[in-house]
Amino acid sequence: MSRHKLETEVKLDALAFGAHADDVELACSGTIIKLGALGYKTGVITLTRAEMATRGSAKIRAQEFAQSAEIMGLASHKMLDMPDGWIEVTRENKLKIIEEIRIYQPRIVFAPYWVSRHPDHEKTSHLVREAAYLSGLKKLKTGQEPYRPYRVIYYQTRFEFKPSFIVDISDFHAQKMKSILSYKSQFHHKDKTELGEDETLLSRPEFLDRIITRDKQYGTYIGVKYGEPFLVQEAIKIHDPVDFFDAEYLERIP
Ligand SMILES: [Zn+2]
């Protein structure tokens, strides 16, 4: 009870959920960093401790996560204890996320796109969407105030989607790469025997190139250097299309 009371003081504007430490960084830390620079309070919660990662231990991942949180300028970061590789959409897990949403009361919530290569990402997507809705129900009792975020926004993992919008992260791309490189065990660790590490998709040098190329690709779509794509299920309401597109047009005039 007192835990909830203490933590409600850290209300967030934007809260990003990932299955594993580094999911959010790879997909959308540029946007998270930008939101922080705009003065918003941001946070990241991972559902697992990433203990199944081929490289690095849970302890190392937690240290790297904390380091990355600092680089991203997060007001809050947390790891939940769902089993890595075995996240399931259950009542118990939904309640865990509902509790977090009610603690931080974020205006917007980020979740992985519901189509992904890793089953944990897909399950995280469904869990967050359902929890964000259920969290607003008065009769769902957790000893906290009911709260529903304005919108669930999906970020891209392995598979592409046609974005609902793209955020210009050009000024924050260097910082994004720094947050990704916090995960030394994933990218740089040389001593393979100590941790029994094998080469993975992430540890190959071309992996980071792929991230950079993707950010450039989405930047191109909106006429900037780097961009991050997002998807929302609902239509986006625009009050004044002339003003909205005019502002965008003026921005592009050199
Ligand atoms: Zn992941």
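The values are calculated or read from the model by the stated rules, or taken from the named source; none is laboratory data. Being a predicted model, the structure only gives us computed values, none of them experimental. No Cβ is skipped: glycine too gets one built from the backbone with ideal geometry, and neighbour counts run over all protein chains shown.
For region 181-190, a residue qualifies if it is surrounded by 14 or more Cβ atoms within 10 Å (Cβ to Cβ) and among the charged types (D, E, K, R), and exactly one does: Lys184. With respect to (1) of a type outside the set (D, E, K, R); (2) farther than 15 Å from Ile180 by Cα; (3) under 18 Å from the mean Cα position of the chain (by Cα), the lone exception for Ala21 is condition (2).
If you go through region 82-121 and pick out every residue that is among the hydrophobic types (A, V, I, L, M, F, W, C), over 20 Å from Arg151 (Cβ atoms) and within 16 Å of the ligand (Cβ to nearest atom), you end up with 3. Looking across region 1-19, the residues that are in a loop (DSSP other than H, G, I, E, B) and modelled with pLDDT of 95 or more come down to Lys11, Leu12, Asp13, Ala19.
Out of the residues in region 158-203 that are among the basic types (Lys, Arg) and modelled with pLDDT of 70 or more, which is nearest to Asp120 (Cα to Cα)? Before you say what the answer is, go through the steps one by one.
Just the residues of region 158-203 that are among the basic types (Lys, Arg), to begin with: 158, 162, 176, 178, 184, 190, 192.
After this cut, where a residue has to be modelled with pLDDT of 70 or more as well, the list is 158, 162, 176, 178, 184.
Numbers: Arg158: 12, Lys162: 22, Lys176: 23, Lys178: 25, Lys184: 22 Å.
Out of the qualifying residues, it is Arg158.
The single condition from (1) closer than 27 Å to Ile166 by Cα; (2) touching a residue at least 12 places away in the same chain (Cβ under 8 Å); (3) part of a helix (DSSP H, G or I); (4) not basic (Lys, Arg) that Glu70 fails is (2). Number of residues in region 29-62 that are within 13 Å of the ligand (Cβ to nearest atom) and assigned to a helix (DSSP H, G or I): the value is 1. Residue pairs whose Cβ atoms lie under 9 Å apart, sitting 6 or more positions apart in sequence or on different chains, and linking a residue in region 115-135 that is of a type in the set (Phe, Trp, Tyr) to a partner that is in a helix (DSSP H, G or I) and within 16 Å of the ligand (Cβ to nearest atom), do not occur here. Looking across region 128-180 at every residue that is within 16 Å of the ligand (Cβ to nearest atom) and aliphatic (A, V, I, L, M), the one that is surrounded by the fewest Cβ atoms within 10 Å (Cβ to Cβ) is identified as Ile180. Taking the numbered list (1) more than 16 Å from the ligand (Cβ to nearest atom); (2) at pLDDT 95 or above; (3) of a type outside the set (A, V, I, L, M, F, W, C) in turn, Ser125 passes all entries but (1).
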